[in-house]
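Please treat every number below as a calculation from the coordinates, not as lab data. Because the structure is predicted, anything quoted here is derived from the model rather than measured. Every residue, glycine among them, receives a Cβ derived from its backbone with ideal geometry; neighbour counts consider all protein chains shown.
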């Protein structure tokens, strides 16, 4: 199967099942069942079934967009020139370094395993604390994946554009504040985990 041989890897499949069906999943499942029972008891079977039907319709509408958004995000993650970015976000880069870090954070796909792995690479490659703060703030507030997967499908394009515009200055302001704080940043000696070039 070539590049897709990992699909038959038992260790990878067990790790995937553990991550997908971990404590968070069972907690959300229990909450969903609990609220379903409460809705059935309080509002009746008709309202509960209508709510479930609406959920299924929303899932069918959102699922194709999620697949495309995750595909785009994965390709962006592979194409990001991480070694070059780290050389552009040092203390001497000034405001340009904060802007570059903000763009990198907004384009970084995936969850914390992707973002913090790249953040650790930036930190150990000479990025200053302002750029690191700008990067992780941009990832949390401006993430392209979140915009495509959650903002646009659930809230609409107008809301997504408004939220992004309002949030644009936040990473740079956070980076500037971080540079002014009177303390020394000490990073833990951690090597980011990667999986055979998949960046996750």
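Structure above, values below:
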| read-out | value |
| --- | --- |
| Extension gain, residue 176 back to residue 19 (0.36 nm per residue minus Cα-Cα distance, nm) | 52.9 nm |
| Relative packing of peptides 100-110, 138-148, 14-24 - highest average C-beta neighbours within 10 Å first | 100-110, 138-148, 14-24 |
